[in-house]
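Student: Handing you this structure, nothing more for now.
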Amino acid sequence: MSEEKFDSKMLGQQIRHHRKMTGLTLVALGEKINRPASYLSQLENGHLEPKLKVLSDLAKAFNCETSDLLSPEPPNKRASLEIELQEFQDSHWRKQLDLPEVRVGVTVSNEVLETLVGLYKALPDFPMSRTGMERQAAGDRARSANLALRTEMRTKDNYYPEIELIAMKGLNAIGYNGEGPPSEKDITDLAAYYGFTVERVRGMPVTARSVTDTRRRTIYIPQRDDLGVRGARSVVLQTLGHFALEHAETTDFESYLRQRIESNYFAAAVLIPEPAAKDFLHAAKVEEDLSIEDLKERYYVSYEMATHRFTNLATSYLDIPVHFLRTDPEGTITKAYENDGIEFPSDADGALEGARVGRHWGARQAWASADVLHYQYTTADAGEYWCATYVENSNERTPYAVTLGCRSKDAHWFRGSDTSRRLSARSEDVAANPDMIRRWDGVAWPSAAERSFVLTALPPASRDFTPFPGVDLIDVYRFLERHNLTS
């Protein structure tokens, strides 16, 4: 069966049907295949996709073939009605009419299901508003462009030699000697090499990092009180990157995103020049003492830029596949890259931005850590990984965490690989207890934390709506469970 045709809800119905036919409870089935009942409940509800080994064990427990569980046909009329109703409830109709979702349990009869499905079928198929369609189309284009560029970065190991050459040509032209971070004068000389002057001014537009007058060949940036030397270097270089790389005005999302990625790469390649950085990192690898913190201090850049730059060189020069994450305090992904096989959470289209990593990931555990750098081994569905996470306080309203990680077999090259912190983030280990969800569903009423922007609470391309956007309800339920036990 192709990946496109896989239907987790249909599989869940098949598993439930065969379990009941064999007279097994969730607990009894779990004992047979060595899986917790909570994990099996998630499977039956279509919330998880099992591995082939689990499917094989289930088929053996039910005395049937694996192909029987993967059948695209509902096992009975009840299953067909439940699937059909769920598909209708996931459509735009229920949301536009502000209808509550009907949760189908054993007490809901077949007659009721038939009535609900019949009513949905009787509704006309009117589309969403024109504005709504335009917004959705714009979001879809942006996500598709982002996914395509991330795929390209993975195939190139995030290393772009043509940009490296342009950056080195500029540095050589201004006489940079390759030792230490390029100075503010070096950046000013580089701007002059490309025919620009840099002016610090008051009253910059609040939505712009810099403004360039291409006729006067002047790059305007905020005054020193508003933008320090380190930040100014990055802003000027990101702006220069557009001209050094001969970017034209963009007309589509992919071109816009590509230009942002390329100009940021150029800035990093100037601030952390390839030849010197390569030798520095190779020496640290020989000592099994690689550290983003050392790269950050040596070249006077932010931890995030040092991490980005490390990903450019890690695989090409050090032969170490890695992953990178930037997340907010709730674990919501704002930037990500990987070529080490780790599986980031994503929406149905593969978009990562807006998805939230699990609470056992280092990117979330770091917020409760007393250490400046939080080191951790995490067992995920795809294997075991090591990571280092740094919570960076910036001029932005919300701090964020930057994570650099690799497969556990490569961890020994890094400082902090001797950590004893080990957590499991496998799907079956972190699956929510269905009994707990039933106890607190409809009872808990959390108030969402304040955010800089309202839309940061809303994950992109999601069909599921929660009455508490941005709130991790499972976390809330667990909180209530703990307090209920102690009261």
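The values are calculated or read from the model by the stated rules, or taken from the named source; none is laboratory data. All values reported here derive from a predicted model rather than from experimental measurement. Every residue, glycine as well, gets a Cβ built from its backbone with ideal geometry; the counts of neighbours run over all protein chains shown.
Student: Hey, which of the helices (runs of 4 or more DSSP H) in segment 33-125, taking only ones fully inside, have at least 1 residues that are free of Cβ contacts under 8 Å to residues at least 40 places away in the same chain and surrounded by fewer than 15 Cβ atoms within 10 Å (Cβ to Cβ)?
Tutor: 52-62, 66-69, 77-89, 92-96, 110-122
Student: While we're on this one: Does segment 322-330 contain at least one residue that is assigned to a strand (DSSP E or B), in contact (Cβ under 8 Å) with a residue 24 or more places away in the chain and of a type in the set (A, V, I, L, M)?
Tutor: yes
Student: Take the residues in segment 108-132 that are hydroxyl-bearing (S, T, Y) and modelled with pLDDT under 70; name whichever of them is farthest from F88 (Cα to Cα).
Tutor: Narrowing segment 108-132 to residues hydroxyl-bearing (S, T, Y): 109, 115, 120, 129, 131.
Checking the rest, the ones that are also modelled with pLDDT under 70 come to 129, 131.
Details: S129: 19, T131: 23 Å.
Only one residue fits best here, namely T131.
Student: Could you tell me how many of the residues in segment 212-263 are touching a residue at least 24 places away in the same chain (Cβ under 8 Å), among the small types (G, A, S) and closer than 27 Å to A148 by Cβ?
Tutor: Residues in segment 212-263 being touching a residue at least 24 places away in the same chain (Cβ under 8 Å), among the small types (G, A, S) and closer than 27 Å to A148 by Cβ: 4 in total.
Student: Go through segment 299-336 residue by residue and tally those that are under 18 Å from the mean Cα position of the chain (by Cα) and of a type in the set (F, W, Y).
Tutor: Final tally of qualifying residues: 1.
Student: With the condition kept exactly as written, say whether any residue in segment 455-476 is at pLDDT 85 or above and more than 21 Å from the chain's Cα centre (by Cα).
Tutor: no
Student: How do the strands (runs of 3 or more DSSP E) wholly within segment 363-437 filter down when requiring 3 or more residues that are crowded, with 18+ Cβ neighbours inside 10 Å: which remain?
Tutor: Where strands (runs of 3 or more DSSP E) fall fully within segment 363-437 and carry at least 3 residues being crowded, with 18+ Cβ neighbours inside 10 Å, they are 373-380, 383-392, 400-407.
Student: If you don't mind, there's one more thing I want to ask. Kindly establish whether F266 is buried (at least 19 other Cβ atoms within 10 Å of the Cβ), touching a residue at least 24 places away in the same chain (Cβ under 8 Å), touching a Lys or Arg at 6+ places or on another chain (Cβ under 8 Å) and aromatic (F, W, Y). Can you show your working first?
Tutor: On the way: buried (at least 19 other Cβ atoms within 10 Å of the Cβ): yes; touching a residue at least 24 places away in the same chain (Cβ under 8 Å): yes; touching a Lys or Arg at 6+ places or on another chain (Cβ under 8 Å): no; aromatic (F, W, Y): yes.
Against the criterion (buried (at least 19 other Cβ atoms within 10 Å of the Cβ), touching a residue at least 24 places away in the same chain (Cβ under 8 Å), touching a Lys or Arg at 6+ places or on another chain (Cβ under 8 Å) and aromatic (F, W, Y)), F266 does not qualify.
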